[in-house]
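> My questions all concern the structure below.
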Amino acid sequence: AEKCGACGPGFASPLDAMKGNIFSALKGPREEIVYVPCIYRNTGRKKPDFLATVDVNPKSPHYCQVIHRLPMPNLGDELHHSGWNACSSCFGDATKKRNRLILPSFISSRIYVVDVGTDLRAPRLFKVVNSEDVFWKCNLGYPHTSHCLGSGEIMISTLGDPAGSGKGGFILLDGETFEIKGNWEKGDKIPPMGYDFWYQPRHNVLISTEWGVPKCLGYGFDPNDLKKGLYGRRLNVWDWTTHTYVQAIDVGEDAAPLEIRFLHNPDAAEGYVGCTISSAIHRFYKTEEGNWAAEKVIQVPSKKVEGWLLPDMPGFITDILISLDDRFLYFSNWLHGALRQYDISNTRKPKLVGQVFVGGSITKGGPVTVRRDEELQSQPDPFFIKGKRVRGRPQMIQLSLDGKRLYVTTSLYSAWDRQFYPDLIK
């Protein structure tokens, strides 16, 4: 901030963020703590979800330990994603600070605002946006992804309406008071479902995704719900300036496209989306005509199994991310248990260059026997850290700015955790 004068939070560009942790002349600080939402819902314990502060400084005596817990004031929220009140989109505004963490509650529809600026090692609750305000002011519910905007506002995507039917809308919060300003979207056309989103102002576009109908997926995964239109199949394209819904891109029945990421290069008109049930990665891109399209570039093969819910087990891609230099794509196969790394130097032909198993449903000694596998010669070994078996599978992932450390959590959603990984709940 001293060098550039009137600078706000974050970095001027993704490459500046990455280089600030690689080159000594621009050396930035390595991360020392991380914040992790922790969920008690569906565990049988009547405790509120909490935000954990974890020490990740290898020089600290508390390295790899939870050093603080901030419990929420209510039960059954199901914290899920998190976001900042301000970020690099506000880089040019010196009045902005990244000092509040936004925690939407997937089930209760409350939105918690946490003060991480006063004491970053011991966050405190700053404000609660009640679900009634979300329902009445926006006619939305089941909030998911929170992004800060260059305007200083905060935008949160939703999965449905207050009754649990599918509806892909967006809540807009004031970036100072955190009061609900209303809906971001305008016009009569609204997607039938929602989930994640990413925006690229240089191409006047926002693209959102679809998981499924909240009141159906909320109780677990029922294979009988497939082929009924209860799971998403579209990428939904919005005009960034007018806030109107302009195009749908079909990626296949019951594909359930979840996490979506543009390349970090702000001029790039392409990115990737992970389709969970179909276990495919699609590249989306801007066409010469000016609209948007998608093509499948990765397909994770299902495994023929015995002792599981179905005879074919999909990889079940959940979270994805792209390194800041746009060189690598990472994603989680939540059922198979694999974390994968792809070289995306050629964005149309990603190349698998790394894979590690962090638990999963096909580990040796478990209830599942793999009868046919197109990729592995044998079932992977169980995963242990310091002699303790990890009873989870890779799900949410976050890469350090310098691209050298990948942080991984294990919970997808408590109702699905309980169904597929009861040991994780325990």
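> Looking at the chain as a GNM with Cα springs under 10 Å, which of 236, 224, 130 has the largest mean-square fluctuation?
224
> What distance in nm lies between label points placed 7 Å from Cα along the C-beta direction at residue 132 and residue 30?
Modelled inter-label distance: 4.9 nm.
> Counting alpha carbon pairs within less than 8 Å and at least 6 residues apart, what relative contact order, in whole percent, applies to segment 361-402?
Working: 20 pairs, mean separation 12.1, N = 42.
Result for segment 361-402 is 29 percent.
> Just in segment 232-312: which GluC sites (Glu not before Pro) are loop by DSSP and have at most 16 other Cβ atoms within 10 Å? Spell out each step's value before the answer.
Working: sites: 253, 259, 270, 288, 289, 295, 306; in loops: 253, 288, 289.
Here the sparse-neighbourhood loop sites are 253, 288, 289.
> Anything over 23 Å Cα to Cα? Flag those among 47/426; 47/167; 127/189, in the order listed.
Violating the 23 Å Cα-Cα cut-off are 47/167; 127/189.
> Before rounding to the nearest 500, sum -39500 (n - 2.57) across all DSSP H runs of length at least 4 in the chain and divide by the residue total; then give [θ] at 222 nm in deg cm²/dmol.
Numbers: 5 runs with 29 residues, N = 426.
One gets -1500 deg cm²/dmol as the mean residue ellipticity at 222 nm.
> Under 12 Å between alpha carbons, and skipping anything fewer than 8 positions from residue 215 in its own chain: which aspartates and glutamates qualify?
Within reach: 161, 225.
> Taking the Cα centre of each part, how many Å lie between segment 358-426 and segment 165-214?
Between the Cα centres of segment 358-426 and segment 165-214 lies a distance of 31 Å.
> Follow-up question, since we're still on this one. Return a whole-number percent for the relative contact order of the chain, with Cα pairs under 8 Å and 6 or more residues apart as the contact set. Before the final figure, lay out each step's value.
On the way: 1106 pairs, mean separation 39.3, N = 426.
Across the chain, relative contact order equals 9 percent.
> Gaussian network model of the chain, Cα springs within a sub-10 Å range: biggest mean-square fluctuation belongs to which of 60, 400, 157?
Answer for the Gaussian network model of the chain: 60.
> In the chain, with Lys and Arg counted as +1 and Asp and Glu as -1 at Cβ, which of these residues, 190, 148, 390, has the Cα nearest the positive end of the dipole, that is, farthest along it?
Going by the charge dipole, the pick is 390.
> Can you send over the carbon and sulfur percentage of the accessible area for segment 301-425, probe radius 1.4 Å, protein chains only? Walk me through the numbers on the way to the answer.
Values: 2890 of 5890 Å².
Whole-percent figure for carbon plus sulfur exposure: 49.
> Going by accessible area, probe 1.4 Å, with all protein chains left in place, what is the ranking of 151, 361, 165, largest first?
151, 165, 361
> OK, next. Would you mind working out the accessible area per residue for segment 133-216, using a 1.4 Å probe, and quoting it in Å²?
Numbers: 2880 Å² over 84 residues.
The answer is 34 Å² per residue.
> Compute a Gaussian network model of the chain, connecting alpha carbons closer than 10 Å, and tell me which residue from 176, 153, 78 fluctuates the most.
Residue with maximal mean-square fluctuation among 176, 153, 78: 176.
> For residue 64 and residue 190, what does the FRET efficiency come to when R0 = 41 Å and r is the distance between their Cβ atoms, rounded to the nearest 0.05? Don't skip to the answer; put the middle values down first.
On the way: r = 44 Å, r/R0 = 1.08.
The formula returns an efficiency of 0.40 here.
> Let me ask something else. Under 5 Å between amide hydrogens, which residues at least 5 positions from residue 279 or on another chain qualify, with H placed 1.01 Å from N in the peptide plane?
Here 316, 317 satisfy the definition.
> Can I ask one more? Simple spin-label model, 7 Å along Cα-to-Cβ: residue 239 to residue 304 in nm?
Going by the 7 Å Cα→Cβ label model, 5.2 nm.
> For segment 81-212, calculate the relative contact order in percent as a whole number, restricting contacts to Cα pairs under 8 Å that are 6 or more residues apart. Don't skip to the answer; put the middle values down first.
Numbers: 326 pairs, mean separation 24.0, N = 132.
Across segment 81-212, relative contact order equals 18 percent.
The values are calculated or read from the model by the stated rules, or taken from the named source; none is laboratory data. In this text, all values refer to a predicted model and were calculated from it rather than measured experimentally. Note that each Cβ is placed from the backbone with ideal geometry, even for glycine, and that neighbours are counted across all protein chains shown. Please note that ligands, DNA and RNA were not included when accessible areas were found on the heavy atoms of the full protein model with its side chains. Shrake-Rupley method; radii C 1.70, N 1.55, O 1.52, S 1.80 Å.
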